[in-house]
Amino acid sequence: MIRMKPILAPSMLAADFSKLGEELKMLENAGVTHVHIDVMDGHFVPNITIGPAVVRALRPVSGLVFDVHLMLKQPLRYISPFAQAGADVISFHIEADDDAADVIEEIKSFGKRPAITINPDTDAERILPYIKRCGLDMVLVMSVYPGFGGQRFMENALPKVQMLRRFAEDNDINLNIEVDGGVNISNVTQILGAGADMIVAGTDIFNHLNPVERIREYQSAFRSL
Ligand code: DX5
Ligand code: ZN
């Protein structure tokens, strides 16, 4: 199967929250196409971040694809607000309270793209029925316990990515596999090699002295695959 060029989705969690609009412009000017937006509710994870109001405020100032990662105990209640605020991709956790098939349907009903996310302790096999039955074509594999940026990459994400890529190839499914947490310029090639094609990186980009330079390093790592 022909593999598409990987996509970089910088995580806004590590950006300067006092100037989010400018940060999005910086990403766009650097040739980035996607931005990863982490939404936390203080229940599913022990942290609270941003809500639909912020997504709505950012929508008119950015042409980037908004990849919204919902770390919510009850995602179903919040699909409508985030879809209407301007999310493009909406990922939710299979460990959340709601039925995953219902959440997928709700996301699709707004014309948005659903993705299922799995935590480090969750078997990737749990996603397979939804790829088969619900036509799901995007998954997000967490490589840290969700809740905070700046954590260390967990290697146990790699065999999950390999299994999912093999499953997609065996079944001729065009599956986007996103990896989130602890990604940096030193481990990204290994993550892509396992079969991921969407890369989230927060701290490694925004904490760099020159985020644009770091983005260029990712882009050249993607080209040299
Ligand atoms: C963690 C979030 C991640 C996080 C990644 O709960 O889902 O998207 O922002 O940040 P880094 O790249 O710093 O690990
Ligand atoms: Zn995330």
For the range 178-196, give me each residue that is surrounded by fewer than 23 Cβ atoms within 10 Å (Cβ to Cβ) and in contact with a strand residue (DSSP E or B) (Cβ under 9 Å, 6 or more places away or on another chain).
Asn184, Ile185, Val188, Leu192, Ala194, Gly195
Exactly one of Arg113, Arg152 is open to solvent by 60 Å² or more (accessible area, probe 1.4 Å), at negative phi, touching a residue at least 12 places away in the same chain (Cβ under 8 Å) and touching a strand residue (DSSP E or B) at 6+ places or on another chain (Cβ under 8 Å), and that residue is Arg113
Among the basic types (Lys, Arg) and over 30 Å from Asp170 (Cα atoms), is that true of Arg126?
no
I want to confirm something. Restricting to the range 133-186 and keeping residues that are of a type in the set (Ser, Thr, Tyr) and within 12 Å of ligand 2 (Cβ to nearest atom), which single residue is nearest to the chain's Cα centre (by Cα)?
Ser143
Candidates Asp98, Asp67 - the one that is crowded, with 17+ Cβ neighbours inside 10 Å, touching a residue at least 12 places away in the same chain (Cβ under 8 Å) and assigned to a loop (DSSP other than H, G, I, E, B):
Asp98
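Residues checked against (1) closer than 23 Å to Ile48 by Cβ; (2) at pLDDT 95 or above; (3) in contact with a helix residue (DSSP H, G or I) (Cβ under 9 Å, 6 or more places away or on another chain):
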| site | (1), (2), (3) |
| --- | --- |
| Ile104 | no, yes, yes |
| Ala115 | yes, yes, yes |
| Lys132 | no, no, no |
| Asp137 | no, yes, yes |
| Gln162 | no, yes, yes |
| Arg165 | no, yes, yes |
Within the range 126-146, considering residues that are surrounded by 14 or more Cβ atoms within 10 Å (Cβ to Cβ) and assigned to a helix (DSSP H, G or I), the one nearest to ligand 1 (Cβ to nearest atom):
Ile127
Selection within the range 28-40 - more than 17 Å from the chain's Cα centre (by Cα) and either among the aromatic types (Phe, Trp, Tyr) or open to solvent by 40 Å² or more (accessible area, probe 1.4 Å) (or both):
Glu28, Asn29, Gly31
When the range 1-27 is checked residue by residue, the ones that are more than 16 Å from ligand 2 (Cβ to nearest atom), open to solvent by 30 Å² or more (accessible area, probe 1.4 Å) and without any contact (Cβ under 8 Å) to a residue 60 or more places away in the chain are Ile2, Ser18, Lys19, Glu22, Lys25
If a residue has to be within 16 Å of ligand 2 (Cβ to nearest atom), surrounded by 19 or more Cβ atoms within 10 Å (Cβ to Cβ) and more than 9 Å from Glu178 (Cα to Cα) to count, how many in the range 197-212 make the cut?
5
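The values are calculated or read from the model by the stated rules, or taken from the named source; none is laboratory data. A quick note: this is a predicted structure, and the numbers were derived from the prediction, not measured. All Cβ positions, glycine included, derive from the backbone under ideal geometry; neighbour counts span all protein chains shown. For the accessible areas, the whole protein counts, side chains as well, though only heavy atoms, and no ligand, DNA or RNA atoms are used. Shrake-Rupley method; radii C 1.70, N 1.55, O 1.52, S 1.80 Å.
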